[in-house]
Amino acid sequence: MTESRVPLRSCENISLARVAALPVVFVCAMALSGFAAEPQGQAEANRKEARLDIAPGGSINVINNDGSVTLKSGTGNQVLVAYTLHSNKVEVDQDSTPDKRRIEIRSHALPQQSPNSDEAKVDLEVTVPAGTAITVSTATAPINADGISGDITLSSDTGKITVSGVGRSHLNVRSVAAPVALSQVSLGYVHVTSSGGAVQMTDVTGPKVNVATGSGNITYKGDCSGVGDYLMTTHSGDIDVTLPETASVDLNAHSASGSVQNDFPLQAKKHPVFVPKSGSSFAGTSHSGSSSVELRSFSGKIRVKKQ
Amino acid sequence: MTCQQFQEVLPYIIESGGNEEQEGHLRSCAACSELVRDLRYIAEQAKLLLPMHDPNPRVWNNIEQSLQQEGLLPEGRMSRQGHSLTYPTPTQSKSWTPLGWILALAFITVFAAVLVTYKPHLPAQQATAQNSSTQPAQLGSDDRQVISQMSQQAPQVRRAYEAGLKEADAYISDAEQAVKLDPEDAAAQDQLVEAHEQKEMLYQMATARSLQ
């Protein structure tokens, strides 16, 4: 009997404890939800939107050092600016010239305020009409551009730069150490310069594609179509190019003190520009060789392979 | 024989010449050969210093006279030093004054210090290779100015610029060497231009950032 009542008493105790704990749990849950809701509410309060008229062929200059910048494609003659401040120590200025040909969007700290790196962040989203020239500059903020067109200049010190779905545009990208990722960029004049950031390209084509890095690696996947000039240069970074068998290229690769490796079927040129040296350079054509592809590195490794 | 083993027995080699193995190393190693040549030169120059500090002959005469008067030196047995202005011969080493001994001691001390602190000169190419491979590149004054302009930026941004400028300098240096080796190399010329463009970009971006 005694043995059978002990667990019963324990169950009773547990049930009583549960019942007694319910209000405590409820209060805690309410408190937690309140705490959780407060930053969200604050974020909502700090989110602002503005619409600015822009003249056809106008330009936009965006400066936002920390946080993020997102560029989207819009229609009409208006620029939609939506932003979220991470603190009340910063603000976003939006200025436009009287003729509406130039708009400047700039985040900055308020006077007498010294926001820390988190407080200084502003998440900025800019929707721009097609064909608008846009320049974006950030320090640590990543830049995402999707589906826009026109003259596009993006520069960042360390924030990743991602561009996709861009056609018939001039794309100029500059990075100190920021990684750069370009995809689905067609018929574009592309110029990427990066000191230490890696550059990754997928299906990037155009009449002029020029990518240069110092120590950053370059990766290219695509067919180099468009009867274009493709030039990829590094100092110590590696260059990896993956081409489909259908690619029509006239390819030259040379690494001064690094190495080269080719797994893509190339035909030897009848009149090579230079005499290929085994292990450090190679040259050849595929199909009619409609696009010129130059790969150069000082001490990096160059690899070309079939997709 | 290694350079270290050779240099451990260097005083003996300087004094009395080395054995066959040591002589062989001396012939094959430019650095040790230059070291021995330098040390022998120092030794020769030190020897020339001694006569310059020898006492005046009148001192010798007075000493001789004093010794003769005290009967310690028979008359007529004059040292040549006392009557000669010529450089001393090896036999005269026995008649060195305390000043001479002090000078000799000073020379030995200097010689020992040279041996301890001597660093053989490396060939120019070897030294350059060492600089580029093991020592971090130093920023020039313009680069340092650019970095100082970035003092208000986040540490990661400053570090990125510093690394970028070092990278650009290394790129320029490599490209310049390639162009020097083959001035007709168009690819090397293009890369030199590209290296300078990289540095230009960093300067432009840093200036724009500091103005903000």
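The lone criterion from (1) touching a Lys or Arg at 6+ places or on another chain (Cβ under 8 Å); (2) within 26 Å of A:ALA50 (Cα to Cα) left unmet by A:PRO179 is number (2).
Scanning region A:261-277 for residues being closer than 8 Å to A:VAL304 by Cβ and within 14 Å of another protein chain (Cβ to nearest Cβ) gives a total of 0. Look at (1) in a strand (DSSP E or B); (2) over 17 Å from A:PHE298 (Cα atoms); (3) of a type in the set (A, V, I, L, M, F, W, C) and you find that A:CYS224 fails only one, number (1). Scanning region B:171-194 for residues that are facing chain A (nearest Cβ under 7 Å) and of a type in the set (A, V, I, L, M, F, W, C) yields B:ALA178, B:ALA187. Before we move on, is A:ALA181 in contact (Cβ under 8 Å) with a residue 24 or more places away in the chain, part of a strand (DSSP E or B) and within 20 Å of A:ASN210 (Cβ to Cβ)? So A:ALA181 does not fit the description; no. Of all residues in region A:153-162, none are surrounded by fewer than 24 Cβ atoms within 10 Å (Cβ to Cβ), assigned to a strand (DSSP E or B) and of a type in the set (Lys, Arg). Kindly evaluate A:ALA139 against the criterion of being within 14 Å of chain B (Cβ to nearest Cβ) and closer than 24 Å to A:HIS191 by Cβ. Yes, satisfied.
Scan region A:190-197 and tell me whether some residue there is among the polar types (S, T, N, Q) and surrounded by fewer than 24 Cβ atoms within 10 Å (Cβ to Cβ).
So the first thing to find is which residues in region A:190-197 are among the polar types (S, T, N, Q), and the list is A:193-195.
Those still in the list that are surrounded by fewer than 24 Cβ atoms within 10 Å (Cβ to Cβ) too: none.
No: region A:190-197 contains no residue that is among the polar types (S, T, N, Q) and surrounded by fewer than 24 Cβ atoms within 10 Å (Cβ to Cβ).
Checking each residue in region B:153-170 for being more than 8 Å from every other protein chain (Cβ to nearest Cβ) and loosely packed, with under 15 Cβ neighbours inside 10 Å picks out only B:PRO155. Residues of region B:158-174 that are more than 17 Å from A:GLY216 (Cα to Cα) and in contact with a helix residue (DSSP H, G or I) (Cβ under 7 Å, 6 or more places away or on another chain): B:ARG158 alone. Number of residues in region A:278-303 that are surrounded by 17 or more Cβ atoms within 10 Å (Cβ to Cβ), within 14 Å of chain B (Cβ to nearest Cβ) and outside any strand (DSSP E or B) equals 3. No other residue among B:ALA106, B:ALA129, B:ALA124, B:ALA113 is modelled with pLDDT under 80, exposed (fewer than 14 other Cβ atoms within 10 Å of the Cβ) and within 14 Å of chain A (Cβ to nearest Cβ) apart from B:ALA129.
If a residue has to be surrounded by 17 or more Cβ atoms within 10 Å (Cβ to Cβ), touching a Ser or Thr at 6+ places or on another chain (Cβ under 8 Å), part of a strand (DSSP E or B) and more than 14 Å from every other protein chain (Cβ to nearest Cβ) to count, how many in region A:93-133 make the cut? Selection size over region A:93-133: 9.
How many residues, within region A:192-251, are within 14 Å of chain B (Cβ to nearest Cβ) and more than 23 Å from A:LEU154 (Cβ to Cβ)?
1
Taking the listed residues A:VAL173, A:VAL136, A:VAL211, A:VAL166, the one that is farther than 20 Å from B:GLN204 by Cα, in contact with a strand residue (DSSP E or B) (Cβ under 7 Å, 6 or more places away or on another chain), assigned to a strand (DSSP E or B) and in contact (Cβ under 8 Å) with a residue 12 or more places away in the chain is A:VAL166, with no other qualifying.
The values are calculated or read from the model by the stated rules, or taken from the named source; none is laboratory data. Keep in mind the model is a prediction, meaning the values are calculated, not measured. Reconstructed Cβ throughout: ideal geometry from the backbone, glycine too, with neighbour counts over all protein chains shown.
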